[in-house]
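Below you'll find the structure I mean.
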Amino acid sequence: MTPQLTPMYLASVEHNPQAQGVRAELIRVLRAAGQEVPQILHLFAFKPGTSVHLDRFTHAVMRGPSPLGPGMRELIAAFTSARNHCPF
């Protein structure tokens, strides 16, 4: 069972009708499917231009050169998220 995410304290960010970009579309898809929306997606959709550097960093960490393959890195992230009671 997936734990229920608590609402954000920033309702104008979580329910932003002007949200745009890939993250905003993902939010719409998740909601239409009745799925929980990770709160970080709301922040990315609120000001998409401000998340460019975080996107690049995450991509470099998860997909860039490393002694660990991308699958192992994803497994570590999923395990860590589960230990933190956070959906991955």
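The values are calculated or read from the model by the stated rules, or taken from the named source; none is laboratory data. It should be emphasised that the depicted structure is a prediction, and the values quoted were computed from it without experimental measurement. Here the Cβ positions follow ideal geometry from the backbone for every residue, glycine too, while neighbour counts run over all protein chains shown.
Identify the residue in region 43-65 that is of a type in the set (D, E, K, R) and surrounded by 13 or more Cβ atoms within 10 Å (Cβ to Cβ) and, among all such residues, is nearest to Thr6 (Cα to Cα).
Out of the qualifying residues, it is Lys47.
Moving on. Do you know which residues across region 66-84 are in a loop (DSSP other than H, G, I, E, B) and either surrounded by 11 or more Cβ atoms within 10 Å (Cβ to Cβ) or not polar (S, T, N, Q) (or both)?
Ser66, Pro67, Leu68, Gly69
Ok, one more. Take His53 and decide whether it is modelled with pLDDT of 85 or more and either part of a loop (DSSP other than H, G, I, E, B) or touching an Asp or Glu at 6+ places or on another chain (Cβ under 7 Å) (or both).
No; evaluated as a whole, the condition is false for this residue.
Related question: What is the residue count in region 22-42 for residues that are touching a Pro at 6+ places or on another chain (Cβ under 7 Å), surrounded by 14 or more Cβ atoms within 10 Å (Cβ to Cβ) and assigned to a loop (DSSP other than H, G, I, E, B)?
1
Tell me which residues, restricted to region 25-44, are modelled with pLDDT under 90 and not polar (S, T, N, Q).
Once the filter is applied, which keeps residues that are modelled with pLDDT under 90 and not polar (S, T, N, Q), region 25-44 yields Glu36, Val37, Pro38, Ile40, Leu41, His42, Leu43, Phe44.
Name the pairs whose Cβ atoms lie under 8 Å apart, with the first residue in region 44-56 and polar (S, T, N, Q), the second assigned to a helix (DSSP H, G or I), and 6 or more positions between them or separate chains?
The qualifying pairs are Ser51/Arg23; Ser51/Leu43; Ser51/Phe44.
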